[in-house]
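Report on one structure; see the data block that follows.
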Amino acid sequence: MIRALVVDDDPANRAYMRTLLAGHAEVNVVGEAGNIAEAKELIATERPDLLLLDVEMPGGTGFDLLQQLDTWPFEVIFCTGFQRYAIQAIRFSALDYLLKPVQPDELSAALQRYHQRHPHADRKVVQQQFLQNIRQTDEQRLKLTLTTGDRTYFVSPAELSHCTADDNYTELHTSDGRRFVSARTLKDYEDMLVPLGFLRVHRSTLVNKSLITHLDDGHVVLKNHARLEVSRRKREEVLKALAG
């Protein structure tokens, strides 16, 4: 049984979330809070497994709550309106979020990911990097949380040379030759990295534009000498992006 706590300043939102969670027999809502002070009290007394946490609340955000806790022994699913920077910080940190209004199928998918999630090798280190991410004012300084086996790495976008699709997984390659495999799709990384200067050159390839030296026979060539195919459909888009 998942002991869940709902934190949202709007009573209607809390009631709606309770209604959605009532359809999941494995979830027991052990309490609800309308602000971070109430949430801290309930966390101490109820010891939840999962927090469904609103980001924007009067008197303190969901991020403020986690910063005050410093480290926490439960999983978090953020619930937020479309706030691009907040979502970037959450996604870079490999945490989960739901856009408001929360849809039943999206909540079901998030709970499924909760069940499939493996504990990080060092939860505190991962959480501290998340807190570092949300303190950043420059998206280029956000770091991706990438877990390989029982080890977790924090990689900045500037370190990545390219990403390639492998079915529903993504391989992330760094300029110095490291390779990581993520359970996220290339589309997920495209959403995160295109605003930071990455370019989709093929349906299976995303490239750090700043590392492209030239085009050669239908391929982009990177500073680390990697050659990556450019699809015909993407060729004009790539030429335009490099010209700009």
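FYI, it's all coordinate maths here, none of it is from the lab. In this text the structure is predicted, and so the values were computed from the model without any measurement. Note that each Cβ is placed from the backbone with ideal geometry, even for glycine, and that neighbours are counted across all protein chains shown.
Things to note:
- ARG203 versus GLN132: modelled label distance in nm, points set 7 Å from Cα along the beta carbon direction: 3.8 nm
- Candidate values [x] 1.13; [y] 1.07; [z] 1.03, label of the one derived for Rg/Rh (Cα atoms, Kirkwood Rh): [z]
- Over all Cα atoms in the stretch 183-244, the spread is summed up by Rg and Dmax: 11.0, 33 Å.
- Taking the fewest neighbouring Cβ atoms within 10 Å as the starting point, the ordered list for THR137, THR185, THR61 is THR137, THR185, THR61.
- Local net charge near LEU142, Cβ-Cβ under 11 Å (Lys/Arg +1, Asp/Glu -1): +2
- When only the Cβ of Lys, Arg, Asp and Glu is charged (+1, +1, -1, -1), the dipole of the chain relative to its Cα centre reaches about 840 debye.
- Share antiparallel - DSSP beta bridges, the chain, percent rounded to 5: 60 percent
- Most fluctuating residue given options ALA89, ALA165, ALA37, as computed from a GNM of the chain linking Cα atoms under 10 Å: ALA37
- Label point at ALA37 placed 7 Å out along Cα→Cβ; residues across the stretch 46-73 whose backbone nitrogen lies under 17 Å: 57-62, 64-66, 68-69
- Counting all C-alpha pairs of the stretch 2-133, share separated by more than 27 Å (%): 10 percent
- Here the Karplus curve 6.51 cos²θ - 1.76 cosθ + 1.60, taken at θ = phi - 60°, turns the phi angles of the stretch 100-113 into couplings of 7, x, 5, 9, x, 5, 6, 5, 4, 5, 5, 5, 5, 5 Hz, with x standing for Gly and Pro.
- The alpha carbon radius of gyration of the stretch 89-207, expressed as a multiple of 2.2 N^0.38 Å, is 1.07.
- Linear extension gain, TRP72 paired with TYR169, 0.36 nm per residue minus alpha-carbon span: 32.1 nm
- Summed over qualifying helices (DSSP H, 4 residues or more, each -39500 (n - 2.57)) and divided by its residue number, the chain shows a 222 nm mean residue ellipticity of -10500 deg cm²/dmol.
- Relative exposure of ASP64, ASP150, ASP8, judged by other C-beta atoms within 10 Å (fewest first): ASP150, ASP64, ASP8
- Rounded to the nearest Hz, the phi-derived 3J(HN,Hα) couplings of the stretch 140-153 under the Karplus curve 6.51 cos²θ - 1.76 cosθ + 1.60 (θ = phi - 60°) are 5, 9, 5, 10, 6, 8, 10, 10, 10, x, 9, 10, 10, 10, where x marks glycine and proline.
- At R0 = 25 Å, FRET efficiency that the Cβ-Cβ distance of LYS124 and GLN103 yields, to 0.05: 0.15
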